[in-house]
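This report concerns only the one structure given below.
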Amino acid sequence: MELLFTVLIMLGPWSLESSPDKYTLRFQPKTGEQVAWMIDMDMDMVMKPAGMDMTMDIDMDMGIGMHLEVLESGENDLVRMGTTVDSMRMDMSGMPGMDVQFNSNASASDAAGQAMQESLGPLLGTTIVSQVDAFGEVQSMEGYEELLEQMGGGGGMGGMSSNPFENFQSYLAVYPKNKLKIGDSWEHSTLVSSNGAPMEMANTYTLQSVENGQANIGVVSTVRMDEVEMEQSGMAMSMSMTGTQSGIMVVRVSDGMTLSADMEQNFVMDMETMGMSMPATIKGHYTLLSINR
């Protein structure tokens, strides 16, 4: 019996709730914390205009640098966070007459790059203040609607938006209220947008492992955007889209902050403009990395 008590004393106080086999995930980074994210995206869109014997294979490679600063944490269980896009590069080819090479750190040398520089000007350097609750769900974004208006929608072409604030929520996992053990799954649906058009994401998260204070979370999402009317480059068009997204997010167990993400995307899109239907398939891949993890 004495040996048993000695072992218990050495182990220290414990309970089912504090067992290392169960985890409570919450979004609660400390006030003043600064995080730098680098987001890289590759996207390939194949368009086959109806009634035309042609195929357009549009490739886009984009890199985005984002700076996040926690302005206030804990009040009413909300985290108030300022987020700024401080760098962007884009290389897009495949659409006749609309190839683009753009780098925010260099002057544009051609008309297409200059047009992109003008279009993305409002995005670069603008700070959007988001309020995120303790479960990682974005509740509001101050200045977001004004930014969309300045950019004339979402800031992109077709289903390929260059405005990361449109899907900022997808870079943050949404956590359940209950404690989790390895293998547990939970679901959450949210609205993001593409070029200003609402897009619903139904997400299934799975806690796959926890190592060295980091949780690996599997994410499988179905995406749906019902038909919407919009304007791109002065042309009226309608667009609808469905698809999937899947991959891994890594978050800090201590405060729920995203450290990295690696996602594959597959979408089917239908656009119509000037009476012409342009069905398309989109395959994408993006990675996010916190460079001060």
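Set side by side, the residues 256, 275, 196 differ, and just one is crowded, with 20+ Cβ neighbours inside 10 Å, of a type outside the set (A, V, I, L, M), more than 18 Å from residue 44 (Cβ to Cβ) and out of contact with any strand residue (DSSP E or B) (no Cβ under 8 Å at 6 or more places or on another chain), which is 256.
The residues in segment 30-56 that are at positive phi and either touching a residue at least 60 places away in the same chain (Cβ under 8 Å) or of a type in the set (Val, Ile, Thr) (or both) can be counted, and the count is 1.
Yes/no matrix, rows are residues, columns are (1) part of a strand (DSSP E or B); (2) polar (S, T, N, Q); (3) surrounded by fewer than 16 Cβ atoms within 10 Å (Cβ to Cβ):
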position	(1), (2), (3)
189	yes, yes, yes
215	yes, no, no
222	yes, yes, yes
260	yes, yes, no
289	yes, no, no
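Scanning segment 62-81 turns up at least one residue that is loosely packed, with under 14 Cβ neighbours inside 10 Å, more than 22 Å from residue 259 (Cα to Cα) and of a type outside the set (Ser, Thr, Tyr).
Residues being touching a residue at least 24 places away in the same chain (Cβ under 8 Å) and touching an Asp or Glu at 6+ places or on another chain (Cβ under 6 Å) are entirely absent from segment 252-270.
Look through 166, 145 and report the one residue that is at pLDDT 80 or above, surrounded by fewer than 17 Cβ atoms within 10 Å (Cβ to Cβ) and in a helix (DSSP H, G or I).
Working: 166 fails: surrounded by fewer than 17 Cβ atoms within 10 Å (Cβ to Cβ).
Within the list 166, 145, the selection yields 145.
None of 256, 154 is within 20 Å of the chain's Cα centre (by Cα), modelled with pLDDT under 95 and part of a loop (DSSP other than H, G, I, E, B) except 154. Answer yes or no as to whether residue 115 is buried (at least 17 other Cβ atoms within 10 Å of the Cβ) and over 23 Å from the mean Cα position of the chain (by Cα). So residue 115 fails the test.
Across segment 171-187, the number of residues qualifying as touching a residue at least 40 places away in the same chain (Cβ under 8 Å) and either within 12 Å of the chain's Cα centre (by Cα) or surrounded by 19 or more Cβ atoms within 10 Å (Cβ to Cβ) (or both) comes to 5. Taken over segment 57-110, the residue count meeting the criterion of being among the polar types (S, T, N, Q), farther than 18 Å from residue 288 by Cα and touching a residue at least 24 places away in the same chain (Cβ under 8 Å) is 2.
Name the single residue, out of those in segment 1-32 being out of contact with any Ser or Thr (no Cβ under 8 Å at 6 or more places or on another chain) and among the charged types (D, E, K, R), that is modelled with the highest pLDDT. Write out each step before concluding.
The initial filter retains those residues of segment 1-32 that are out of contact with any Ser or Thr (no Cβ under 8 Å at 6 or more places or on another chain), namely 1-27, 32.
Among the residues that remain, those that are also among the charged types (D, E, K, R) are: 2, 17, 21-22, 26.
Working: 2: 43, 17: 37, 21: 81, 22: 92, 26: 97.
That would be 26.
The values are calculated or read from the model by the stated rules, or taken from the named source; none is laboratory data. Quick caveat: nothing in here was measured; it's all calculated off a predicted structure. Heads up, the Cβs are rebuilt from the backbone with ideal geometry, glycines too, and the neighbour counts pull from every protein chain shown.
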